[in-house]
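This report refers to the structure that appears directly beneath it.
The numbers here are math on the coordinates, done by the rules we state, and not lab data. These numbers come from a predicted model, not from an experiment. When we count neighbours, we look across all protein chains shown, and the Cβ atoms used for this are built from the backbone with ideal geometry, even at glycine.
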């Protein structure tokens with residue numbers, strides 16, 4: 001088994017946390033405004049920086065889990 005670098009591990013952990021928080025908001029019927037209120041690990045700043053992309057993801061015909069995953073991946077890119 002190969003070991004992950006610290007940087008790669010941190011990215012994986014960030015994606016997991018952002019996905020979890022996004023899914024919590026989406027499961028409660030929240031939208032981009034509610035996502036922008038999540039302050040864990042600077043999520044609110046990243047949502048503001050990628051707001052148009054997040055809105056586009058939210059309009060897609062996908063499951064909430066898929067939307068949360070795409071949003072998390074987008075936030076890690078910032």
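Figures for the structure shown
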item: Sequence of 50, 39 once ranked by neighbouring C-beta atoms within 10 Å, starting from the fewest; result: 39, 50
item: Ellipticity estimate at 222 nm from DSSP helix runs (n ≥ 4, -39,500 (n - 2.57)) divided over the chain, nearest 500; result: -22000 deg cm²/dmol
item: Estimated D of the chain in µm² per second, where Rh is the Kirkwood radius over Cα pairs and Stokes-Einstein applies at 20 °C, 1.002 mPa s; result: 170 µm²/s
item: For the stretch 19-77: relative contact order, % (alpha-carbon pairs under 8 angstrom, 6 or more apart); result: 40 percent
item: Extension gain from residue 34 to residue 15, taking 0.36 nm per residue of separation minus the Cα-Cα distance; result: 5.0 nm
